[in-house]
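One structure is given below, encoded as structure tokens.
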Amino acid sequence: MAVLNLFSRFAVVLCLVMAARVCHAAGNGVQVMKHLKRFNKPSVKSIKSPDGDIIDCVPISNQAAFDHPSLKNHQIQMKPNFHPEGMNYESMKVSSEKHESITQLWHLNGNCAKGTIPVRRTKKEDILRASSINKYGKKTSQSIVAHPSSVGLDLINQNGHQHAIAYVEGEFYGAKATMNVWDPKIQQSNEFSLSQIWLLGGSFASDLNSIEVGWQVSPDLYGDNNTRFFTYWTSDAYQATGCYNLLCSGFIQINNEIALGASISPISKYHGSQYDISILVWKDPEQGNWWMQFGNGKVLGYWPGSLFSYLSGSATMVQWGGEVVNSASDGQHTTTQMGSGHFPEEGFGKSSYFRNVQLVDGSNSLRVPKNIETFTEEPNCYDVQTGKNDAWGSYIFYGGPGRNPNCQ
Ligand SMILES: *[C@@H]1O[C@H](CO)[C@@H](O)[C@H](O)[C@H]1NC(C)=O
């Protein structure tokens, strides 16, 4: 604190005596330090990951979530009261799947003890890469997902975000899927490619509530092209509330094994070994919290129901699929890939999939979605297909290469 104050005063003095630009830079330096202090809580241990990340083991009760005024006196839930039951396709293994061995890179160099949570440390460079300090860790409001049935051309051109998704509308209390993991190429650092599950509530206007979980490649957010496990939430259509991972107060983590924002390894290879991760998000009907589970039984934590308006009831739409940013910087469609970078027609081992796609219904049971529909803005750039079979239940293939002879 003392150091920070000294710096603040120093910056003020600088501002008085120096040119405006220098003054601005000094002020920014102080802001960056303040933010770093807010993100990076005192830890009991730090682990250096081979990808350059530092993972801090932070005592559960010290996590940033509790900085939120409304969560100051929050009674932390160490386990959900309720876990939805239903179909379990996990037990039906296909020989070419190796989803058991998937992990996070930092595990190679250590682990966090029970009672602590692994937190990816935010570095100065991470904040400086953001277009402004206050935008670090947030999506732009342009990220608003199109309501598939009402999307218009002007909306597409306006925001440059492109989707290839399967979706259902109704009243849902959770969603599940096993997601194939890839490393799509990103044309330029301000674009990204992600694959995720969305749980949405509200109208598709300024009050949209969203919970998102999946993997992403986002050079601006993380400083590299690694595939990372991530979450996002917002209660006002990406405006003032919400963030990625633990970069604002919101998601409360209880698990000591999985770090939000950390790199996933290994990654699927075209025509080679396929790796996938299972995600389940569900609402605790008693407490109203939205829980998230990774893999078979690793309960990561929860979003308190009080963060949301519509989602304090049910989700009204669930989506599974991919999203990329097409900034079309050179006047052509981006070459940023979605999924594996290959179209759904190519099938298993080549195109990226979601399998075991399920919903939690009004009776809190997992079930296969009935009226699943698909949506993509430009099927020649990124496409999506759905199907069903005994081994995979309900499944989706999605993705594409972006720019190609049919997508300019
Ligand atoms: C990410 O990949 C792109 C090519 O797809 C490359 O130009 C860029 O330098 C890479 N960025 C980093 C930070 O490694």
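Bear in mind these aren't lab numbers, they're just calculated from the coordinates by the rules spelled out. Source: prediction; values computed, not measured. Cβ: placed from backbone, ideal geometry, glycine included. Neighbour counts: every protein chain shown.
Ranking Phe354, Asn111, Phe308 by how far each Cα lies toward the positive end of the dipole of the chain (charges on Cβ) leaves Asn111 at the top.
Of the chymotrypsin sites (Phe, Trp or Tyr not before Pro) found in region 249-292, those in coil by DSSP whose Cβ has at most 14 other Cβ atoms within 10 Å are Tyr270.
Distance between the C-alpha centres of region 314-354 and region 173-217: 11 Å, rounded to the whole angstrom. Applying 1/(1 + (r/R0)^6) with R0 = 45 Å to the Cβ-Cβ distance of Ala130 and Phe82 gives a FRET efficiency near 0.75. Whole-Hz Karplus values for region 102-110 come out as 6, 8, 10, 4, 5, 4, 4, 10, x Hz, taken residue by residue from phi with 6.51 cos²θ - 1.76 cosθ + 1.60 and θ = phi - 60°; glycine and proline positions read x.
Here is how the number arises for the chain: DSSP H runs of 4 or more residues each give -39500 (n - 2.57), the sum is divided by the residue count, and the result at 222 nm is -4000 deg cm²/dmol.
For region 198-333, averaging the sequence separation of C-alpha pairs within contact (under 8 Å, six or more residues apart) and dividing by the residue count gives a relative contact order of 24 percent. Helix 2-17 and the longest principal axis of the Cα set of the chain meet at an angle near 70°. Sequence-distant contacts, meaning Cα pairs under 8 Å at least 6 residues apart, place the relative contact order of the chain at 21 percent.
For region 163-260, the list of trypsin sites (Lys or Arg not before Pro) that fall in a loop by DSSP and count at most 14 other C-beta atoms within 10 angstrom reads Lys185. Between Asn190 and Ser273, the modelled label-to-label distance comes to 3.9 nm, taking each label 7 Å out from Cα in the direction of the beta carbon.
Working note: Karplus 6.51/-1.76/1.60 with θ = phi - 60° gives region 342-350 the couplings 10, 6, x, 3, 6, x, 4, x, 10 Hz, where Gly and Pro are set to x. Taken about its Cα centre, the chain carries a charge dipole of about 1600 debye when Lys and Arg each add +1 at the Cβ and Asp and Glu each add -1 at the Cβ. Summarising the amide proton neighbourhood of Ile258: residues at separation of 5 or more, or on other chains, whose placed amide H is nearer than 5 Å comprise an empty set. For region 291-302, backbone phi angles converted through the Karplus equation (6.51, -1.76, 1.60; θ = phi - 60°) give residue-by-residue couplings of 9, 9, 10, 10, x, 8, x, 7, 7, 7, x, 8 Hz, Gly and Pro being listed as x. Which angle between 0 and 90 degrees, to the nearest 10, do you get for helix 20-39 versus the longest principal axis of the chain when only C-alpha atoms count? The answer is roughly 60 degrees.
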